[in-house]
Amino acid sequence: MLFLPYFCVMDRIRLHDRNFKLFISNEKIEEAVRKTALRLNHDYADGDIPVILSVLNGSFMFTASLMRHIDFLCELSFVKMASYCGTSSTGQVRQLIGVSDSLKGRRVIIVEDIVDTGRTITDMYALLQDMGVSDIRVCTLFLKPDAYKGCVRIDYHAMEIGNEFIVGYGLDYDQLGRQLQDIYIVE
Ligand code: 5GP
Ligand code: MG
């Protein structure tokens, strides 16, 4: 049994078959999140009330922290991207679940944990465009610029990292490690 005490920072942790070492402190993350919220506060000070779409599961912690610093009126919905097999010609089809009210004509801010190749965000962007959303912006905690192959503009990113695999602060390794307050990198 591995205990993950919240009151002490561990240098190294083991999740499943992998070892991870401390990479980014919670303090640094919180400061980057606060700065990102300040940019949003500036850009959304006027205009129609936006809907924040927080993409589960990974972005729950980022969203909670970001929301504490946001000072403009906004709605919040937690959504999930689901994949299912389409016909042989369409292959994998992706669907957005959890959007209850119509987003037609609304301004949307997508809140993601991490943008890697950009496949997820590209699919989500296309689905929102099909719903008639009037303006879409992307806000991610982490961006991997060297891995990113998408065409969608990443409007806000709190931090950049290389092509490493990280866990913590909402991000998992095979469902473990999401509750870690700091970010750990695979060894
Ligand atoms: P993309 O579609 O941009 O290639 O990948 C996005 C998704 O892959 C993220 O939402 C996340 O679930 C997963 N992912 C990409 N890089 C990492 C990483 O370094 N750590 C973790 N835990 N997940 C990652
Ligand atoms: Mg994600």
Exercise. Using the Karplus equation 6.51 cos²θ - 1.76 cosθ + 1.60 (θ = phi - 60°), what ³J(HN,Hα) coupling, rounded to whole Hz, does each residue of segment 41-54 give in order, writing x for Gly and Pro?
Worked result: 4, 5, 6, 10, 5, 10, x, 5, 5, x, 10, 8, 9, 8
Seminar exercise, completed: If one compares the long axis through the Cα atoms of helix 60-69 with the longest principal axis of the Cα atoms of the chain, the angle in degrees, nearest 10, works out at 70 degrees
For this session: Name the residue farthest towards the positive end of the dipole of the chain from the options ILE114, LEU73, CYS139, assuming +1 on Cβ of Lys and Arg, -1 on Cβ of Asp and Glu, about the Cα centre.
Result: ILE114
Exercise. Taking the Cα centre of segment 121-187 as the origin and placing charges on Cβ (Lys, Arg +1; Asp, Glu -1), which of PHE165, TYR125, VAL186 is farthest toward the positive end of the dipole?
Worked result: TYR125
Exercise. Each residue of segment 164-171 in order: what ³J(HN,Hα) in whole Hz does its phi give by Karplus 6.51 cos²θ - 1.76 cosθ + 1.60, θ = phi - 60°, with x for Gly and Pro?
Worked result: 7, 9, 10, 9, x, 6, x, 7
Exercise. Which of the lysines could be linked to LYS35 by a straight reach, that is with a Cα gap under 24 Å, when you skip same-chain ones fewer than 8 residues away?
Worked result: LYS144
Exercise. Counting Lys and Arg as +1 and Asp and Glu as -1, each charge on the Cβ, what is the dipole of segment 1-158 about the Cα centre in debye, to the nearest 20?
Worked result: 420 debye
Exercise. Counting each DSSP H run of 4 or more residues in the chain as -39500 (n - 2.57), what helix-only mean residue ellipticity at 222 nm follows after dividing by all residues, to the nearest 500 deg cm²/dmol?
Worked result: -7000 deg cm²/dmol
Problem set entry | Tail beyond 21 Å, pair distance distribution of the chain (Cα, percent) | 53 percent
Exercise. Sequence-distant or interchain residues sharing an amide H contact under 5 Å with THR140, placed H: which?
Worked result: GLU112, TYR156, HIS157, ALA158
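Pop the C-beta distance of ILE185 and LYS80 into the FRET formula with R0 = 30 Å and round what comes out to the nearest 0.05.
0.70
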Exercise. What is the set of long-range amide H partners of PHE165 at a cut-off below 5 Å, with H atoms built 1.01 Å from backbone N?
Worked result: VAL186
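Computed from the coordinates by the stated procedures, all read-outs in this text should not be read as laboratory data. What you see is a predicted model; the values in this text were computed from it and never measured. Note that each Cβ is placed from the backbone with ideal geometry, even for glycine, and that neighbours are counted across all protein chains shown.
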